[in-house]
Each structure stands twice: as structure tokens, then as C-alpha cells.
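Asks: One structure is given below, represented as C-alpha cells, and several questions about it will come after.
The values are calculated or read from the model by the stated rules, or taken from the named source; none is laboratory data. Being a predicted model, the structure only gives us computed values, none of them experimental. Reconstructed Cβ throughout: ideal geometry from the backbone, glycine too, with neighbour counts over all protein chains shown. Ligands, DNA and RNA are excluded from the accessible area calculation, which covers all protein heavy atoms including side chains. Shrake-Rupley method; radii C 1.70, N 1.55, O 1.52, S 1.80 Å.
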Amino acid sequence: MSCFQGLLFCPEAASLLLHNFCIYHISPPGHELGAAPISPKRPAPSVDDLADQVADVLDFFGLGSVMCLGATAGAYILTLFAAKYRERVLGLVLVSPLCRAPTWTEWLYSKVESNLLYYYGMCGLVKESLLQRFFSKEVRGCSESPESDIVQACRSLLDQRQSMNVWQFVQTMNGRYDLTEELKQLQCRTLIFVGENSQFHAEAVHMTAKLDRRYCALVEVQACGSLVTEEQPHAMLIPMEYFFMGYGLYKPSQLDCSPRSPLSPSCISPELLSPESMGVKLKPIKTRARLQV
């Protein structure tokens, strides 16, 4: 959830999104609020399992075709989902997406993270490593300037995560495979955002080069890390407006209100958007899992 709070709390972007969509947020297994720790003996799901579970979530809520918004590892899973279930994806909005197998450097780096998580939990080194993946140096702060509020909020959310559940997800993503061939199967429009200081900048450029240029656009955001949704959500507004216009969707005028809500998003207090305030049950739904015999 920490990937999208900045975007949804930006009144202009929230107005555009909430006016046109009913939003369903999907977390990896064990990453929902109040999740119980996953046993380390339980096999980690593969990236294909996670993509199939997205389909299970859509079936559970009776959804047909959807617009997908994902960041970093989530963008990889949604891209894989779009390749496997082409008829169910209207479009992709991806933020600093991954699309290739990890390099040897990233694989080794993630192995070190995994070992630290396994033996020491969500320790300071792991948090710093994850924050470096998410944010640019400017917002992480240094000796001369303190870290920004968004980094502090993300650090607090990491403290609330079950370390073994994060360990399992890191294991899953470290075993991902190259999606370059699958990109040729995509039949939907794709909008890609990436910060110029993102560790995944080269991935986004590679992905854009492999997609059909008639249906794909890349937006590079200056002085920004991987989570454009948090650091510079305003930079996403105009590209998303043009992207959605291709589907006949539009941004309401300031006098209009969302057709899905009696309130304008700009009038909604952030506290009211918490899962508890919206009456959302935090019990995870059951999805398919591949059993190893």
C-alpha cells in the first residue's frame, strides 16, 4: 500500500482515478495488514503462481477485464498476468517495472537481503537496502538534510511487516524469469513511468523497446527514484489523462463529483481512506496454490 498512497492522496490524480474506476488493491500473500507470519518451511510461490492468483482475485469479485496499475515487482507480476490472461487486461500502467531475470549482481544482492531477513528480521541494513531501491538520494536524506516524510512513512510500514513473509517474497522475485518474449503477446496499451535515478531505469527502457510503439509510451521523471507514485505523483497526472482519453475516460471538472462516491476526492480526509474506515475486511481470500509433492 505504501506504493500508492502519494498518488491517491494527490487530489488531482485521485479525482481522475476515483471518477473512472473502482479500485481493488492486491497485496502479495502475507503482506496484508495484520498478516500472520508464513512458515519458512512452506514453499514460496512462483511468479506464475502470483499472476494466477490475480486472476483468482478477479474471479472472486466477479470482475471481467480490468486496468492494471503496478509498481516495481508488482508491475512484473501484472505484466506476466497480462501476457497469460490477455482478454482480461484493458491496459497497463507500470511504475519502474521489472521485465527481465535478475542479473548476477542483483541476484547476489537479494540473496544477502534474504539471509539478513531470515536470521535478523527487518533489521536496519535490510530497510536501508529496500529504501535505496524505492527512493532517490534526495528524499532519503543525508547528514545535511533529514529524510523526507514519505521515506519515514515507508520505514514505519516496513517495521510492521512480518520479516519471514518479506523473505519469502524476495525469494520469489529473485527466481523470476525474462518476460521479453511474453511482451510480444501483449495486446493492450501500456504506459510506463520510471524515475531517472531508479535502479530499474534500464529495465523500463528495455521493456519499452520490446513493446509495440503504437501502443506503448515511456515517461521518464527527472530527479526521482523508483516510486514515482510517492516522490512525484503530479508528474503522472497529464500522461495518465491522455492515456485514459484513449479509452473514452476523462477527468471530471472541479464542480463534478465522482459517480462512485457522493464526495469529491479532494474533500476526503486521508484518515477516511484507511481500510478500517472504509469497512474493508482485512481477511485474505483463498487463491490457488501449486502443491509440491
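Asks: Hey, what do the phi angles of the stretch 116-125 turn into as Karplus ³J(HN,Hα) couplings, whole Hz, using 6.51/-1.76/1.60 and θ = phi - 60°, x for Gly and Pro?
Replies: Residue by residue, the stretch 116-125 yields 5, 4, 5, 9, 10, x, 7, 7, x, 5 Hz.
Asks: Here's another thing I want to ask about it. Probe radius 1.4 Å, ligands and nucleic acids ignored: give me the carbon and sulfur share of the accessible area of the stretch 180-238 as a rounded percent.
Replies: 46 percent
Asks: What are the ³J(HN,Hα) couplings of the stretch 195-209, residue after residue, when phi is run through the Karplus curve with 6.51, -1.76, 1.60 and θ = phi - 60°? Round to Hz, x for glycine and proline.
Replies: These are the phi-based 3J(HN,Hα) values: x, 5, 9, 6, 5, 10, 4, 4, 4, 5, 5, 4, 5, 4, 5 Hz.
Asks: Ok, one more. Once you have all Cα-Cα distances for the stretch 188-230, histogram them in 10 Å bins from zero and send the whole-percent values.
Replies: 32, 51, 17
Asks: Among GLN185, GLN53, GLN168, whose mean-square fluctuation peaks in a Gaussian network model of the chain (Cα, cutoff 10 Å)?
Replies: Between GLN185, GLN53, GLN168, it is GLN185 that shows the largest mean-square fluctuation.
Asks: Still on this model: Among SER253, SER226, THR180, whose Cα sits farthest toward the positive end of the charge dipole of the chain (+1 at Cβ of Lys/Arg, -1 at Cβ of Asp/Glu, about the Cα centre)?
Replies: Of the candidates, THR180 comes out farthest on the positive side.
Asks: Using a simple charge model, +1 on the beta-carbon of Lys and Arg, -1 on the beta-carbon of Asp and Glu, nothing else, what dipole does the chain show about its Cα centre, in debye to the nearest 20?
Replies: My answer is approximately 860 debye.
Asks: Continuing with the same structure: Can you give the accessible area per residue of the chain, in Å², using a 1.4 Å probe?
Replies: Details: 15680 Å² over 293 residues.
It amounts to 54 Å² per residue over the chain.
Asks: Round to a whole angstrom and tell me the spacing of the C-alpha centers of the stretch 95-124 and the stretch 51-87.
Replies: First find each Cα centre; the distance between them is then 24 Å.
Asks: Find the eigenvalues of the gyration tensor of the Cα atoms of the stretch 106-217, then list the square roots of 5 times those eigenvalues as equivalent ellipsoid semi-axes, largest first, in whole angstrom. Write out the running numbers ahead of the final one.
Replies: On the way: eigenvalues 177, 80, 27 Å².
Listed largest to smallest, the semi-axes of the stretch 106-217 are 30, 20, 12 Å.
Asks: What percentage of the solvent-accessible surface of the stretch 1-119, computed with a 1.4 Å probe over protein heavy atoms, is contributed by carbon and sulfur atoms?
Replies: 61 percent
Asks: Still on this model: Per residue of the stretch 179-193, in order, report the coupling 6.51 cos²θ - 1.76 cosθ + 1.60 (Karplus, θ = phi - 60°) as ³J(HN,Hα) in whole Hz, putting x for Gly and Pro.
Replies: Residue by residue, the stretch 179-193 yields 9, 4, 5, 5, 4, 5, 8, 5, 10, 10, 5, 9, 10, 10, 10 Hz.
Asks: Taking the stretch 76-235, how many lysine pairs are there with alpha carbons less than 23 Å apart, if each pair must be eight or more places apart or span two chains?
Replies: Numbers: LYS84/LYS184; LYS84/LYS210; LYS111/LYS127; LYS127/LYS137; LYS184/LYS210.
For the stretch 76-235, qualifying lysine pairs total 5.
Asks: Of SER46, LEU108, PHE193, which is farthest along the charge dipole of the chain in the positive direction, counting Lys and Arg as +1 and Asp and Glu as -1 at C-beta?
Replies: Ranked along the dipole, the leading option is SER46.
Asks: Here's a follow-up. Using only Cα atoms, figure out Rg for the stretch 1-105 and give it as a multiple of 2.2 N^0.38 Å. Spell out each step's value before the answer.
Replies: Working: Rg = 14.9 Å, N = 105, 2.2 N^0.38 = 12.9 Å.
That ratio works out to 1.15.
Asks: What residues have an amide H closer than 5 Å to that of VAL93, excluding those fewer than 5 places away on the same chain, when H is modeled at 1.01 Å from N in the peptide plane?
Replies: Under 5 Å from the amide H of VAL93: CYS68, LEU69, GLY70, LEU191.
Asks: What order, most packed first, do the peptides 171-179, 124-132, 93-101 have when packing is the mean number of other Cβ atoms within 10 Å of each residue?
Replies: My ranking of the peptides, most packed first, is 93-101, 171-179, 124-132.
Asks: Taking N as the number of residues in the chain, what value does Rg over Cα atoms divided by 2.2 N^0.38 Å take?
Replies: With N residues counted in the chain, Rg over 2.2 N^0.38 Å equals 0.98.
Asks: Rounded to the nearest 20 Debye, what is the dipole magnitude of the stretch 81-120 about its Cα centre when Lys and Arg each give +1 and Asp and Glu each give -1 at the C-beta?
Replies: Details: 5 positive and 3 negative charges, 41 e Å.
Magnitude of the dipole: close to 200 debye.
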